[in-house]
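K.L.:
Right, I'll just put the structure down here and ask away after.
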Amino acid sequence: MTHSPDIPPAMRRMDAALDGIALLCRVVTGVALVVLTVIFGWLVFGRYVLNATPTWVEQVALLLVMLIAFLGAAVGVHENTHLSVSVLRTTVPARVRTVLLVISDLLMAGFGGLMLWFGAQLTLFKWGSLIPLIQWPEGLRSLPLTIGGGLILLFSAGHLIRLYLGVDERTDSIE
């Protein structure tokens, strides 16, 4: 993200921290995608060559898909690449656009907060039971929901702070 020179130092530090978190999420999702590809290759090899299907692959794959989806969604919020309808925002005056951005960011923060809250409750509730075939805590299934929700809340709050300080540099793309 490029920054204009009039951004306060504290805001630059916050941006650097959020950018670092987003980078970590991208690395984790990239590694998860590679692992997902490798274990599905093992599944196919085991099933058709060895005639012995590794049963654990499907359960691990479900966990990896959850991780990829929720961390990827959070990064999309941070980088303003999430699914949104921006045609209205690009056609209205700047003040109305700002109001629409605030509403959008508040809704995203609220949604992230709900994901965090209810995901944490579900994770804690399910932690005591085990996922069949791999014997890992069942709460791992909803942990990515919890983490993703917290990150969506955090990234949305970052956008709201930038809007409040008047240093929001997001642009809408209708490509």
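K.L.:
Kindly indicate the residue of the range 50-79 that is in a loop (DSSP other than H, G, I, E, B) and not β-branched (Val, Ile, Thr) and also nearest to residue 150 (Cα to Cα) among those meeting that condition.
P.N.:
79
K.L.:
Separate question: Restricting the range 44-86 to residues that are aromatic (Phe, Trp, Tyr) and loosely packed, with under 14 Cβ neighbours inside 10 Å, which is farthest from residue 155 (Cα to Cα)?
P.N.:
48
K.L.:
Consider residue 102 carefully, then state whether it is within 27 Å of residue 164 (Cβ to Cβ), part of a helix (DSSP H, G or I) and of a type in the set (A, V, I, L, M, F, W, C).
P.N.:
yes
K.L.:
From the list 160, 116, 106, exactly one residue is surrounded by 16 or more Cβ atoms within 10 Å (Cβ to Cβ) and under 17 Å from the mean Cα position of the chain (by Cα). Which is it?
P.N.:
116
K.L.:
Please count how many residues of the range 125-138 are in contact with a helix residue (DSSP H, G or I) (Cβ under 7 Å, 6 or more places away or on another chain) and in a helix (DSSP H, G or I).
P.N.:
Selection size over the range 125-138: 2.
K.L.:
Here is a follow-up. Looking at 32, 109, which one is aliphatic (A, V, I, L, M) and under 19 Å from residue 168 (Cβ atoms)?
P.N.:
109
K.L.:
If you go through the range 8-27 one residue at a time, do you hit one that is over 26 Å from the mean Cα position of the chain (by Cα) and touching a residue at least 40 places away in the same chain (Cβ under 8 Å)?
P.N.:
Checked the range 8-27: at least one residue is over 26 Å from the mean Cα position of the chain (by Cα) and touching a residue at least 40 places away in the same chain (Cβ under 8 Å).
K.L.:
May I ask you to say which residue of 89, 162, 141, 170 is touching a helix residue (DSSP H, G or I) at 6+ places or on another chain (Cβ under 8 Å), within 27 Å of residue 61 (Cβ to Cβ) and of a type in the set (Lys, Arg)?
P.N.:
Selected residue: 141, the only one of 89, 162, 141, 170 that is touching a helix residue (DSSP H, G or I) at 6+ places or on another chain (Cβ under 8 Å), within 27 Å of residue 61 (Cβ to Cβ) and of a type in the set (Lys, Arg).
Here, each number is a calculation from the coordinates, and none is a lab measurement. Everything numeric in this text was worked out from a predicted model, so none of it was measured. Cβ sites come from the backbone with ideal geometry, for glycine too, and all protein chains shown count toward neighbours.
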